[in-house]
1. Output the residue which, of all residues in the range 1-54 that are of a type in the set (Asp, Glu) and part of a helix (DSSP H, G or I), is farthest from the ligand (Cβ to nearest atom).
2. Going through the range 63-84 one residue at a time, which ones are in contact with a helix residue (DSSP H, G or I) (Cβ under 9 Å, 6 or more places away or on another chain) and either part of a helix (DSSP H, G or I) or surrounded by fewer than 18 Cβ atoms within 10 Å (Cβ to Cβ) (or both)?
3. Being at pLDDT 90 or above and of a type in the set (A, V, I, L, M) is the filter here; which residues of the range 28-54 pass it?
Amino acid sequence: MKCEFCRKRAGFLSRVCSVCAKVVAIVERTAGQVGLAQLVDIFAAEGLTREQVDQVLDAENGGRPTIRDRLTSNMVNTLMRGLGMPGRQSPGDVRRVRSAAASQQEAGTSRRSGDGFSERWRC
Ligand SMILES: [Zn+2]
């Protein structure tokens with residue numbers, strides 16, 4: 001079986017390799033209790049590299065929200081509740097906002113490239 005996060009060999013029966021399993025276990029243990037900055041410290045203390053962690057946090061399995069989306073929605077909701085707001089952003093919402101921002105960025109890039117020399121000469 002291949003690891004569903006990093007696509008390396010995970011073993012005969014496991015869907016996740018030992019490294020990624022460790023990252024997931026830490027995330028679940030600390031879920032909602034620490035911010036991302038503190039999480040990074042914990043990962044480092046466990047001997048995990050940034051790449052190993054990012055692979056797990058940003059893995060998209062079948063269009064489901066990533067672990068990072070879940071963490072972000074957790075944080076946003078905690079923050080909003082702290083400010084006296086309802087804070088009902090779901091991981092799916094975070095994912096939608098993220099992909100919308102990404103496609104907007106792409107559109108912006110293509111607009112800029114279209115606004116080149118030739119366009120200006122025509123005007
Ligand atoms: Zn893995």
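The values are calculated or read from the model by the stated rules, or taken from the named source; none is laboratory data. If you're wondering where the values come from, they're calculated on a predicted model, not measured in any experiment. No Cβ is skipped: glycine too gets one built from the backbone with ideal geometry, and neighbour counts run over all protein chains shown.
1. So, considering only residues that are of a type in the set (Asp, Glu) and part of a helix (DSSP H, G or I), the one farthest from the ligand (Cβ to nearest atom) is 41.
2. Passing the criteria: 63, 64, 67, 68, 69, 70, 71, 72, 73, 74, 75, 76.
3. 42, 44, 45, 48, 53
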